[in-house]
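Here is the structure we will look at, set down as structure tokens.
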Amino acid sequence: MLALDHGKYVDRLTDEMRALLRGIRHVSLDMDGTIYLGSTLFPYTLPFLEKLGAMGIDYCFLTNNPTKSLDDYIAKLRRLGVPCGEGQMYSTTAAAIDYIKTHYPSARRLFLLGTPSMISQFEAAGFVSCADDPNDRPDVVVGAFDMTLTYSRLCRCAWWASHPEIPYIATNPDWVCPTDEETILVDCGSICACIAAACGRKPDMVIGKPNPGILLGILEKNGIAPEHAAMVGDRLYTDVKTALNAGACGVLVLSGETTLETALASVPEDRATLICESIEEFGNLLEEVRK
């Protein structure tokens with residue numbers, strides 16, 4: 001465990017950190033790299049969630065991965081034995097839908113560079129998915145992490161993104177997706193970088209973490225002040241940065257993408273409030289300060 005004390009990491013909990021952890025009433029959890037890796041649930045995940053319940057701390061799951069609908073994610077968690085209700089799951093797909101409805105209320109037709117599961121969630125929200133056709137002009141272009149990506153649709157997305165009058169948003173900034181397989185899963189940030197190289201335009205808005213709105217929306221729904229919340233994840237530039245941007249406690253776990261060396265080398269404004277080997281260690285600390 002490493003805690004932040006006046007901009008420097010220390011090997012023990014300061015009184016200030018103990019008070020901060022005692023005040024935690026809500027924990028938002030990243031998924032891949034935090035509670036599981038790929039399709040493998042970490043052995044300490046269920047005991048950690050049970051420990052939160054015993055301490056009266058509520059939790060939710062917050063993922064930057066838009067490849068699945070909320071129902072699909074809930075079903076996956078339940079298959080892994082993780083209890084999850086509809087109000088405990090939030091993704092960048094849901095956040096993107098909310099964003100478009102708020103900022104482009106007249107938009108109905110979307111060019112969606114995403115998986116069928118993601119597209120189905122947009123369609124269930126009342127949107128129409130445009131075809132790969134130069135005559136099927138969208139109201140908004142949405143770039144996402146698309147594991148079903150085809151070259152033709154990538155080219156069509158770049159074509160519509162090259163039209164500056166059409167709003168262009170991305171679901172998340174992640175360069176790669178954590179995996180337990182021997183490969184690199186190219187994520188939305190890398191796909192959007194490809195589009196930017198092709199047409200010279202970056203997304204107008206990147207919806208997911210580290211945008212604090214995705215976390216603040218959850219806290220507002222649950223009546224939790226940011227200072228009484230923690231965002232836990234395996235990435236500095238998304239999970240931890242979201243927490244810091246929202247005024248919450250940013251907990252980095254070393255069970256996914258980020259190494260301890262990378263964390264220690266981060267600039268002061270990007271540093272995690274707390275670094276733990278895993279959510280198991282974080283749970284033990286929450287329990288310790290409450291004794």
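Rule-based calculations on the coordinates, nothing more; no lab input. Computed from a predicted model, the values in this text were never measured in an experiment. Using ideal geometry, Cβ is built from the backbone for each residue, glycine included, and neighbour counts are taken over all protein chains shown.
Over the Cα atoms of region 173-233, Rg to Rh with Kirkwood Rh, two decimal places?
Numbers: Rg = 15.6 Å, Rh = 14.0 Å.
Using only Cα positions, Rg/Rh for region 173-233 is 1.11.
Taking 1.567 mPa s as the viscosity and 4 °C as the temperature, the Stokes-Einstein diffusion coefficient of region 93-206 based on its alpha-carbon Kirkwood radius rounds to 92 µm²/s. Look at where the Cα atoms of region 108-133 and of region 51-81 average out, and the two centres are 24 Å apart.
Longest exposed-loop-site-free stretch of the chain, with GluC sites (Glu not before Pro), DSSP loop and at most 10 other Cβ within 10 Å? If you can, show how the numbers build up before the last one.
On the way: sites that count: 165, 181, 182.
Result, exposed sites excluded: 1-164.
Seen from residue 14, the other residues with C-beta closer than 13 Å to its C-beta sum to a net charge of 0, counting Lys and Arg as +1 and Asp and Glu as -1.
Let me check against my output: what whole-number percent is the relative contact order of region 93-206, with C-alpha pairs under 8 Å and at least 6 apart? Let's see the in-between values first.
Numbers: 190 pairs, mean separation 25.9, N = 114.
23 percent.
For region 67-80, 3J(HN,Hα) computed residue by residue from phi via the Karplus equation (6.51, -1.76, 1.60; θ = phi - 60°) reads 5, 10, 6, 4, 4, 5, 5, 4, 5, 4, 4, 5, 4, 7 Hz, glycine and proline entered as x.
Using the Cβ of residue 238 as centre and a radius below 10 Å, the other residues enclosed give a net charge of -2, where K and R count +1 and D and E count -1.
Mean separation of Cα pairs under 8 Å and 6 or more residues apart, divided by the residue count, gives the chain a relative contact order of 21 percent.
Global dimensions of region 1-122 from alpha-carbon coordinates: Rg and Dmax equal 18.0, 53 Å.
Less than 11 Å Cβ to Cβ from residue 165, Lys/Arg counted +1 and Asp/Glu -1: what total charge do the surrounding residues give? Spelling it out: positives minus negatives among the neighbours equals 0. If you look at the Cα atoms of region 143-268, you get an Rg and a Dmax of 16.5, 47 Å.
Using square roots of five times the C-alpha gyration tensor eigenvalues, list the equivalent-ellipsoid semi-axes of the chain in whole Å, biggest first.
34, 19, 17
Taking 26 Å as the straight-line reach from the Cα of residue 68, the lysines in range (excluding those fewer than 8 positions away in the same chain) are 76, 101, 202, 209, 221, 241.
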